Each structure stands twice: as structure tokens, then as C-alpha cells.
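Notes to accompany the following structure.
Throughout, read-outs are computed from the coordinates displayed, never taken from laboratory work. Note that this is a predicted model, so its numbers are computed, not measured. Here Cβ is always computed from backbone atoms with ideal geometry, including for glycine, and neighbour counts include all displayed protein chains.
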Amino acid sequence: MAKTAYFQDAAFQRHTMGPLHPESPMRLEAISKRLELSGILKDLRQVKAVEANAHQLELAHSIHHIQYLRDVSPASGEFPIDGDTTMMPHTLEAALLAAGSATQAVDCVFGKGASWGDRGIKRAFCAVRPPGHHAEREQAMGFCYFNNVAIAALHALETCKIKRVAILDFDVHNGNGTIDIFKDDPRVMVCSSFEHPLYPYKYVSVNRDNIICTPLEAHTTSRMFRRAVERSWLHRLQTFKPELIIISAGFDAHTLDPLASLNLETDDYRWVTDMIVDVARVYSEGRIVSCLEGGYHLEALAASVEAHLTALMQ
Ligand SMILES: [Zn+2]
């Protein structure tokens with residue numbers, strides 16, 4: 001069994017955009033309850049998050065974007081950024097901790113820093129809110145403020161003496177923010193599977209060697225998903241040979257999810273994670289950092305995270 005770190009923080013629960021918003025604190029509650037009941041939580045090395053620092057944020061975002069979020073962060077009340085992304089009093093703290101979890105997770109799987117005490121951890125899951133993959137270099141959007149996986153990838157390239165990182169995004173929405181940040185950076189390969197057409201309606205046919213978009217029609221089944229991902233990702237990953245794999249782990253392609261119309265089952269998250277673990281074993285010494293993105297049906301989300309973690313821990 002691969003030693004696996006699990007990053008969390010009570011502050012993630014304090015970020016709330018109102019009782020009707022699907023990106024709610026109940027998501028993390030559902031996940032932690034499920035992992036506790038199944039007994040998985042006790043097998044994970046639980047780590048409390050620390051905030052990302054300004055330098056880490058600036059790896060992926062402009063100084064202007066970072067300052068803007070600090071400026072509009074309200075002491076009380078709310079500041080709407082777009083129709084479904086709002087700065088609330090605890091949003092900035094949670095967003096800084098989410099990005100910080102991702103960079104700490106990178107340090108952890110590279111055995112840097114003594115704070116985990118336990119060397120030999122090759123996998124990490126960041127149970128974070130807010131998610132990050134829609135956040136572009138200059139723009140918060142789609143419930144996302146800082147791009148957690150992009151910051152983690154650039155932190156790894158800067159500090160871990162590696163040259164190639166792959167970001168694999170199986171959230172039902174296109175990882176537009178991650179693609180925006182890496183479209184001209186061949187050190188990072190971004191593979192994104194997503195329902196099309198669906199929010200954010202961007203980057204469906206980007207023609208770059210390091211950007212692999214896998215659009216899927218509504219009602220795509222497990223079998224179709226598996227075939228599409230295998231065909232479009234596997235060979236490219238084998239050619240690219242990533243030295244670290246980062247996952248944008250969104251679970252909203254599940255058939256029960258209310259925000260989209262793909263028909264994935266819980267077991268598909270075990271399958272896709274198994275595939276990623278196989279690639280990591282060959283090319284990246286087993287190193288995988290996974291960050292929570294979407295997933296809005298509480299039971300399906302919790303069960304899918306359990307399936308993902310079970311595979312990740314193998
Ligand atoms: Zn999503």
C-alpha cells in the first residue's frame with residue numbers, strides 16, 4: 001500500500017457562498033464522513049494546510065489578479081466576481097490554504113521538509129475548497145479563485161529539479177484555467193476530459209502538443225469515457241514521460257451529478273485512478289498529487305472520492 005497524505009483544514013468549511021450554492025461546505029463533510037465510516041481515513045497521513053505565499057501564487061497568476069482578490073475580499077457581506085463566484089469573508093483564507101495544500105503536497109511526495117515526519121510518501125490528496133481549475137492567470141471564475149494545480153505544477157518545476165509535469169483533469173468541466181496558464185509552457189502537459197458543450201465553453205480544440213482536450217457528448221457512458229481517455233491520454237503521456245502527475249480530481253461527471261449530463265459510475269473513478277497510478281509507477285516514481293475540484297451530488301461525490309483514494313493508495 002502506498003503511503004498517502006491527506007490535506008485538509010477547518011477553514012475550507014468556512015468558505016460558503018450561501019445555502020443554495022452547489023459548491024458548499026457540505027461537500028467536504030460528506031467526504032470526511034464517508035472516509036471515516038469506511039476506515040480509510042485512519043490509513044491516511046492527515047496534514048493540516050498552510051497558506052500559499054505570494055511567490056507561489058505569482059508562479060501562476062499576475063500580481064494584479066492576486067492584489068484584486070485581496071482588495072475585494074470583504075470583512076463582512078459579499079463581493080460578487082461573476083454570477084456564480086463570490087468573495088465572502090472567509091473565501092480568501094480558504095483559497096490561500098487550498099493553493100498552499102497543493103504546494104505542500106508536492107513537497108511531501110518529493111520528500112522535502114520534515115513536517116510530515118514520515119518519508120516515503122508518494123501520493124497526496126488535497127481535500128480542498130474552493131476548487132481551482134477554472135481560475136485563469138488573470139481571472140477568478142467558475143467557483144475558482146487561485147488555480148491550485150497550476151501553482152503546484154510550477155512550484156514543482158521551480159523547486160524539485162524536474163522538467164516535466166502532467167496535469168490530468170477528469171472533472172466534467174473543461175480545465176480552462178489550467179489550459180490558459182500552460183498553453184505556451186511545454187514543460188506541463190494538460191489532459192482535460194469534459195462534457196461538451198458545457199461551461200466554460202472554451203479551449204475545446206486547442207492545437208498544442210502539450211494540451212490534450214477530450215470533449216465528451218452528453219450521456220457518455222462508462223465504456224465510452226474509458227475508451228476516449230485511454231485513446232487520447234495514454235500514448236501522449238507515455239511520450240511525454242511526466243516526472244510528477246497532478247490530478248484535477250472533479251467528480252461531477254458522475255451520472256447522479258446535478259450540474260452535468262455524463263453517465264459515469266463510481267467505479268470509473270477507481271478505473272481512471274488505476275490508469276494514472278500505472279503511468280506514475282513507470283515515469284514519476286509513483287508520485288501523484290491529487291486536488292479536489294468539482295462534484296456536487298453529495299453521496300456520489302463521497303463514494304467517488306473513496307474509490308479514487310482506494311486506487312491512489314495502491
Ligand atoms: Zn466541474
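Structure data summary
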| quantity | calculated |
| --- | --- |
| Environment charge of GLY39, counting only residues whose C-beta is closer than 13 Å and scoring Lys/Arg +1, Asp/Glu -1 | 0 |
| Largest to smallest principal axis extent of the C-alpha atoms in the range 5-132, angstrom | 42, 35, 20 |
| Of the DSSP H helices in the chain, those whose Cα atoms cover at least 24 Å axially and whose Kyte score averages 1.0 or more | 91-109 |
| Distance cut-off 39 Å, percentage of C-alpha pairs in the chain lying past it | 3 |
| Computed over the range 156-314: relative contact order in percent, which uses C-alpha pairs under 8 Å that are six or more apart | 24 |
| Lysines whose Cα lies under 24 Å from that of LYS163, excluding same-chain neighbours fewer than 8 positions away | LYS112, LYS122, LYS183, LYS241 |
| Cross-link reach list, lysines versus LYS33, counting only Cα pairs under 22 Å and skipping chain neighbours closer than eight places | LYS3, LYS42, LYS48 |
| Dipole-positive endmost among PRO200, ASN53, ALA105 within the range 4-312 (Cβ charges, Cα centre) | ALA105 |
| Calculated [θ] (222 nm, deg cm²/dmol) that DSSP helices of n ≥ 4 give over the chain, each run adding -39,500 (n - 2.57) | -11500 deg cm²/dmol |
| Burial order of peptide ranges 293-302, 25-34 (average beta-carbon count within 10 Å, highest first) | 293-302, 25-34 |
| Listed residues LEU259, SER62, PRO74: farthest to the positive end of the dipole of the range 4-312 (Cβ charges) | SER62 |
| Length-normalised contact order for the range 155-221 - Cα pairs under 8 Å, 6+ apart - percent | 30 |
| Principal axis box of the range 182-314, alpha-carbon based, largest edge first, Å | 35, 34, 23 |
| Relative contact order %, the chain, counting alpha carbon pairs below 8 Å whose residues are six or more apart | 20 |
